[in-house]
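Bear in mind these aren't lab numbers, they're just calculated from the coordinates by the rules spelled out. Not measured: the values here are computed from a predicted model. No Cβ is skipped: glycine too gets one built from the backbone with ideal geometry, and neighbour counts run over all protein chains shown.
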Amino acid sequence: MAEETKLNRREFISWFWLGWITFSVIVGIVLSALGRFLFPNVLFEKPSKFRAGMPTDYSVGVDERFKDTQSVWLVKTNQNTMYALSTVCTHLGCTPNWLSSEQKFKCPCHGSGFRPTGLNYEGPAPRPLERFAINFDETGNIVIDKSKKIMNASEWEQSEFLLKV
Amino acid sequence: MVQALREFINFLCNPVIYFTAVCVAWWAIMKYYQVWTQPRVMLPLTGFALAFLAFAFTDKNFYGEAVKPDNIPIWVMTIATVFLFWLSMRRAAINDQLMAEGKPNLEKQESDKKVYTWPDLVYSELICMVLFTAFLIFWAIMFKAPLEDPANSGITPAIAKAPWYFLGLQEMLVYYDPWIAGVVLPTMIIVGLVGIPYMDFNSKGNGYYTVKERFVAIWLFGFGFIVLWIALIFLGTFMRGPGWNFFGPFEEWDAHKVVSAPNINLSEILWVKTLNVGLPKNIFVREIFGFILVAAYMGILPVYLAKTYLKQYYEKMGAVRFYLFAILLIVMISLPIKMYLRWLFAFKYVISIPEFLFNI
């Protein structure tokens, strides 16, 4: 009796499909749970837009007041334009120092130097400092939108990134 | 007088002079290894180096940097490298002399028998491990970690240096795009080191020290290690100051030192400065000279070397081994080439396509 119900080898192997499906399903579930885990439920990010006051608050030159809080340098030129530079070096992402006596941004990590326009002219940085979108809101305040940025000097004249004041 | 000497040494530590001196020194070290490894030459040299170090320590700028806890490893590295390199070269010099006279070398005189990995080597390694751990614990207790204030993205230090052992890499990053210097070249260094035993199948020098029988291998490896790694760590430690500018070892690290070192890409040199036509709009046309140059350097040069100067190696090693070796060699040599181009001609990138984050 007992011998008849026993599986022989061939029959046993014919059941492997069930094992493989179960295995794949479990591995699939574990992997997708792992993948889900990589994306946080909540991201505490600052809003990408911020107000930077009135153009009259700024004098001509590089302004560092938003360097700490927003990672932005605001530059006012003597042609009455303003633009917002990112404080991230385009070489490896360190924060350059503004050297006002030499009128340049100098990165401490590998010596990249940038002109007040953001143009890369010293050291290894391959691109100019990035520029953020800059505009007025309805009250006349400057608004900088860090979600929009340009990477190359050829785009500098775009009206969204160059504020006429 | 003392000040004049300091200033002269600062002048000598201009990158071009410093690096050229290191290269020449390496050439002389390998050429005259029979001479300088003798104790009667090495001892006065060491004495001179110590006397110079004592003189250097009288300078407050150098002293301040040299006694920082961060820089203890630099001294350990220097002493260990010099001593161990001398020791192996000394034994090699004696062996080469003995073998030239047809006598058995030092290692053969010691014993003709082989030693086993287990237990001989493993036990030595275990003892070294225990001693080294004890040393590290002692070090950690004696010298506090040079920690600074909590990280603040708003505050940029005037000097941002990598850990000491990465200063060579950091120096490399000055001359190459982050992708090349941070990813491609380090990978090639590691893969190249792993690949050495497969490319260099010469069994001479197994179990005994020799320079004569392995001259080229030691020369090239040492150039990569001593010149392009140790000497650049030294340069990064003592000659790179605020803004990653060059400073002499006895120069004050003034964050406001006015240094202007503009540099331009090959495309700008050729299209704008030489041909006077302005940069072409098309990226490929703009960078065509760079592409040709890189293709010639990476593609044609190995083939040319195989047919001419390195013909004997090509015949000995076979095509696959030879081309791997030649590419690694060429890539290694590209670093000093790029360094000199930057220092002498303010040259930035051969190919510069920031639009696609691709620069060489």
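Numbers for the structure displayed
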read-out	value
Ranking of A:160, A:11 by count of other Cβ atoms within 10 Å, fewest first	A:11, A:160
From phi via Karplus (6.51, -1.76, 1.60), per-residue ³J(HN,Hα) for region B:159-164 in Hz, x at Gly/Pro	10, 10, 10, 5, x, 3
Alpha-carbon Rg/Rh ratio, for the protein assembly as shown, with Rh computed the Kirkwood way	1.06
Tensor-based shape of chain B (alpha-carbon gyration tensor, a/c under 1.5 rounded, otherwise prolate or oblate)	oblate
Partner chain coverage, peptide A:102-109 - average Cβ within 10 angstrom	6
Residue order, fewest to most surrounding Cβ atoms within 10 angstrom, among A:94, A:107, B:23, B:128	B:128, B:23, A:94, A:107
Cys with no candidate disulfide partner in the protein assembly as shown (beta-carbon separation under 4.7 Å rule)	B:13, B:23, B:128
Residue pairs, from the table B:114/B:316; B:273/B:348; A:106/B:273; A:104/B:338; A:67/B:144, whose Cα atoms sit over 21 Å apart	B:114/B:316; A:106/B:273; A:104/B:338; A:67/B:144
Centre separation in Å (Cα based) which lies between region B:282-310 and region A:12-64	42
Length-normalised contact order of chain B in % [C-alpha pairs under 8 Å, at least 6 apart]	24
Separation of alpha-carbon centers, region B:173-227 and region A:101-165, rounded to whole Å	42
Expected 222 nm ellipticity per residue - DSSP helices of 4 or more, -39500 (n - 2.57), all of chain A, to 500	-6000 deg cm²/dmol
Estimated FRET transfer efficiency when R0 is 30 angstrom, pair residue B:309-residue B:340 (beta carbons, to 0.05)	0.90
Shape call, region B:221-297: gyration tensor on alpha carbons, a/c limit 1.5	oblate
Nearest-ten-degree value, helix A:16-37 long axis tilted from longest Cα axis of chain A	20
Cβ-based net charge around residue B:270, under 11 Å, with every Lys or Arg adding one and every Asp or Glu removing one	0
Binned Cα-Cα distances of region B:134-265, short to long, each 5 Å bin given as a whole percent	2, 8, 12, 14, 16, 15, 13, 10, 6, 4, 2, 0
Cut-off 20 Å (backbone N to label point 7 Å along Cα→Cβ of residue B:43), residues of region B:76-105	B:82-94
Ranked B:110, A:45, criterion: other C-beta atoms within 10 Å, fewest first	A:45, B:110
Centre separation in Å (Cα based) which lies between region B:1-62 and region B:98-153	27
Cα Rg, Dmax (largest Cα-Cα span) when computed across region B:266-359, Å	16.1, 49
Counted charge near residue B:109, where neighbours are those whose Cβ lies closer than 12 Å (Asp, Glu -1; Lys, Arg +1)	0
Nearest-0.05 FRET efficiency for residue B:275 and residue A:17, computed from C-beta distance (R0 51 Å)	0.15
Test item: Cα-centred dipole of the protein assembly as shown, Lys/Arg +1 and Asp/Glu -1 on Cβ, debye	940
Region A:1-77: Cα Rg divided by the 2.2 N^0.38 Å rule of thumb	2.82
